[in-house]
Amino acid sequence: MLVLRRRVGEAILIGDGIEVSVIDISPARVKLGIVAPGEVFILRKELREAEAENRAAARGVNRRAVAALVKQLRGG
């Protein structure tokens, strides 16, 4: 892992088309600005982790139990 120190207004370049700038710093947060080509997908890490957890939970679902629950909820 590369660790860099930057101040407000400073930036780093990643490859030829991505620039990450430090916009603001407070005691609990750092606000970043990212300039990147439209084809570069940018996602917060916690969203990717939540997606992985949801997929793992869905794989463990018993289809018969879900069908029975749906039937019960519909009043059948």
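A few notes on this one:
- The residues on offer are G75, G17, and the sole one that is on the phi < 0 side of the Ramachandran plot and small (G, A, S) is G17.
- For P37, the criteria (1) exposed (fewer than 10 other Cβ atoms within 10 Å of the Cβ); (2) without any contact (Cβ under 8 Å) to a residue 12 or more places away in the chain; (3) not acidic (D, E) hold in every case but one, which is (2).
- Selection over the stretch 1-34 of residues that are surrounded by fewer than 10 Cβ atoms within 10 Å (Cβ to Cβ) and out of contact with any Ser or Thr (no Cβ under 8 Å at 6 or more places or on another chain) gives a count of 12.
- Exactly one residue out of A28, A36 is under 23 Å from R7 (Cα atoms) and either hydroxyl-bearing (S, T, Y) or touching a strand residue (DSSP E or B) at 6+ places or on another chain (Cβ under 7 Å) (or both): that is A36.
Only the coordinates and a few stated rules stand behind these numbers; no lab work does. Note that this is a predicted model, so its numbers are computed, not measured. When we count neighbours, we look across all protein chains shown, and the Cβ atoms used for this are built from the backbone with ideal geometry, even at glycine.
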